[in-house]
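The values are calculated or read from the model by the stated rules, or taken from the named source; none is laboratory data. Every value quoted in this text rests on a predicted model; they were computed, and no experiment measured them. Positions of Cβ are backbone-derived with ideal geometry, glycine not excepted, and every protein chain shown enters the neighbour counts. Just so you know, the surface numbers come from the protein's heavy atoms only, side chains and all, with ligands and any DNA or RNA stripped out. Shrake-Rupley method; radii C 1.70, N 1.55, O 1.52, S 1.80 Å.
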Amino acid sequence: GVMLTSGKWYYEAILETAGCLQIGWADGSFAGHCHAERGDGCGDGPSSWAYDGWRRYRWHSMATEWGCRWEEGDVVGCFVDMDSKVVSFTLNGRGEEIGMGVAFSGNGFRPVGGVYACVSFNRREKLRLILGGSGSAPFKYPPPPGYRGVGEAVLDAVKERDILVAKESVLQIDSESESRSKRFLCDFSDGDHGHELMAWAHRYYGSAGSFFFW
């Protein structure tokens, strides 16, 4: 998957309902979907960090009272600074002045590998994500200078893949041992399959649903 390992990143969640949602980030060891039948989601374990404005909690293995209560139509801004290891949230563009801002830092944010945007929610809940990048809707509340939309990381990865595929095609054309042109980076037909470069998963287990962006 496309993991964010350095830099400053941002996305927005527009709440179409204002109930039980947990919005934030997960790292490379996150396996919340494996325990979704018992209600685990983003922030419920040691590998993810989330804000929950329905109950006014921040989540990381356990819940701590934090932040503002959200309402339908609110826009949650989700920030991660992978260089300084800080996770922050805003509500309708406002931060510390309303009790939002930095939610996790220092020993409270020690991701394994990189992170990706992660949201978990009850089936009855609805939200819309703005990820940034070419073709994306503009952010309602643009982040400070230095932050990039997480969608840009996906576009960068796709461009890198295309460059690799183009180079591979040239090598294949020049190779006398190849009898046909391939259009894949690696052949896993005789071995284990690897992760796709860009993958979406949207699954429901019991009464809970989870959305993961890679």
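Brief remarks on what is shown
- Residues in segment 104-154 that are assigned to a loop (DSSP other than H, G, I, E, B) and of a type in the set (Phe, Trp, Tyr) were compared, and the one that is most open to solvent (accessible area, probe 1.4 Å) is 141.
- Some residue of segment 135-148 being under 21 Å from residue 22 (Cα atoms) and of a type in the set (A, V, I, L, M): no
- Selection status of residue 80, of a type in the set (A, V, I, L, M, F, W, C) and in a loop (DSSP other than H, G, I, E, B): no
- The set of residues from segment 1-39 being of a type in the set (Asp, Glu), surrounded by fewer than 20 Cβ atoms within 10 Å (Cβ to Cβ) and at pLDDT 90 or above comprises just one member, 16.
- Test: residue in segment 67-88 that is open to solvent by 10 Å² or more (accessible area, probe 1.4 Å), aromatic (Phe, Trp, Tyr) and under 26 Å from residue 134 (Cα atoms): yes
- In segment 87-112, the residues that are more than 24 Å from residue 71 (Cβ to Cβ) form Cβ pairs under 6 Å with partners that are of a type in the set (Lys, Arg), at six or more places apart or across chains, as follows: 109/85.
- Residue match in segment 40-57 (condition: of a type in the set (Ser, Thr, Tyr), surrounded by fewer than 18 Cβ atoms within 10 Å (Cβ to Cβ) and either out of contact with any Asp or Glu (no Cβ under 8 Å at 6 or more places or on another chain) or at pLDDT below 95 (or both)): no
- Single residue of segment 1-20 satisfying the filter (outside any loop (DSSP other than H, G, I, E, B) and of a type in the set (D, E, K, R)) that is nearest to residue 152 (Cα to Cα): 8
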